[in-house]
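Taking it in order: structure first as structure tokens, then the write-up.
The values are calculated or read from the model by the stated rules, or taken from the named source; none is laboratory data. Treat the numbers as computed from the prediction; the structure is a model and nothing was measured. Neighbour counts are summed over all protein chains in view; Cβ atoms, including those assigned to glycine, are modelled from backbone coordinates with ideal geometry. These area figures cover heavy atoms from the full protein model, side chains too; ligands, DNA and RNA do not enter into them. Shrake-Rupley method; radii C 1.70, N 1.55, O 1.52, S 1.80 Å.
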Amino acid sequence: ELEVPLMTWVYPVMGLMEDIPKVTAEAQADVKKALTALEGQLKSSKYLVGDFVTLADIALVCALREGFARVFDAAFRKAFPKVNAWFEGCVAMPQFNAVLGALKLCATAEKPQPVLKEFLPPVRSEKKKEEPAKKEAPKQEASKVAAKAPALAAPTGDSPAAITAVGDQIRVLKEKLKAEGLSGKKINDHDEVKKLVAQLQELKEGAEAAPAAPVAAPAAPAAAAPCAPPAAEGGSVDAQITAVGEQIRALKEKLKGEGLSGKKINDHDEIKTLVAQLTELKAQGGAGGAAPAKATLPTPPAPAAGGGDIEAQITGVGDEIRSLKEKLKG
């Protein structure tokens with residue numbers, strides 16, 4: 001109640017802090033209020049607590065020293081005779097004098113001084129100018145990524161490859177924006193992300209409208225499941241289970257990159273088909289029927305059956321490798 005307003009009044013005089021007239025006036029009023037309470041207390045006793053010096057006296061004398069030396073002039077002190085007598089009596093004691101030194105009471109209140117160089121606040125204007133530039137940088141980088149989008153999505157004649165390419169762009173852009181400090185809704189609401197998602201939706205709709213669109217090819221595993229004879233080509237049931245598990249994991253990562261999440265991913269037809277195959281493989285593995293289970297091995301080349309698209313298969317395997325690397329990196 002006393003020390004904070006007193007330092008708010010005294011520090012500008014010492015050049016330690018900028019003087020704000022309104023704040024200083026309020027601090028002076030608070031100091032007077034505290035000294036009035038102190039004056040009342042000293043009317044009934046020589047010291048703050050009884051007739052001998054205590055820690056309370058020591059603390060307050062130390063807090064008031066700069067005030068009495070710099071800003072409490074005779075006119076100000078006149079309203080507080082008890083406080084004045086108590087303070088002068090304390091500082092006259094050798095114990096106080098040894099620490100505080102000889103003290104001369106203020107004759108004329110000192111005026112505020114310019115803030116000393118070493119106490120000047122750091123210049124912030126330059127930082128404020130830099131911040132907008134930093135905020136513009138992610139937009140510029142995103143624009144560069146977006147500028148490459150049309151080139152990557154060029155193979156419009158090959159829907160699976162185009163869809164995969166745009167999906168990769170979305171995933172790369174989201175990772176980049178995430179590294180730049182954006183997250184969640186801010187990433188999804190980013191102009192470039194929304195533009196690519198719209199492009200992806202358009203490609204998917206075009207693929208669904210085309211009779212021979214390879215995009216529907218991933219559903220082929222469901223039909224391929226009964227083809228047990230090729231089982232002789234593969235290895236153990238465990239290897240097949242691992243392969244299908246990797247397909248599920250890679251497909252989930254891909255769907256997540258395309259904007260799906262949670263239940264929508266689990267309810268996706270391709271996911272459900274692969275999960276059914278995995279369940280069947282596990283059941284066959286438990287029953288010892290390893291050979292029939294190997295029918296699922298043809299699953300990775302399935303897109304070729306829908307249009308013989310080797311590039312789409314290569315891209316798919318590349319996606320799996322990239323997703324696995326991201327997972328291991330995480």
**Report entry** Filtered residues of region 46-94 (kept if open to solvent by 60 Å² or more (accessible area, probe 1.4 Å) and not in a helix (DSSP H, G or I))
**Finding:** 46, 49, 51, 52, 78, 79, 92
Query raised in the report: Is it true that residue 24 is touching a residue at least 24 places away in the same chain (Cβ under 8 Å), polar (S, T, N, Q) and either in a loop (DSSP other than H, G, I, E, B) or surrounded by 14 or more Cβ atoms within 10 Å (Cβ to Cβ) (or both)?
Result: yes
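How many residues, within region 33-45, are surrounded by 15 or more Cβ atoms within 10 Å (Cβ to Cβ) and not polar (S, T, N, Q)?
5
Which helices (runs of 4 or more DSSP H) sit wholly inside region 107-217 and have at least 1 residues that are modelled with pLDDT under 80 and either within 28 Å of residue 313 (Cα to Cα) or aromatic (Phe, Trp, Tyr) (or both)?
Values: elements: 125-152, 159-179, 185-188, 191-209.
Where helices (runs of 4 or more DSSP H) fall fully within region 107-217 and carry at least 1 residues being modelled with pLDDT under 80 and either within 28 Å of residue 313 (Cα to Cα) or aromatic (Phe, Trp, Tyr) (or both), they are 125-152, 159-179, 191-209.
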Report task. Please indicate, with yes or no, whether at least one residue in region 236-248 is within 30 Å of residue 189 (Cβ to Cβ), modelled with pLDDT of 85 or more and not acidic (Asp, Glu). Result -> yes
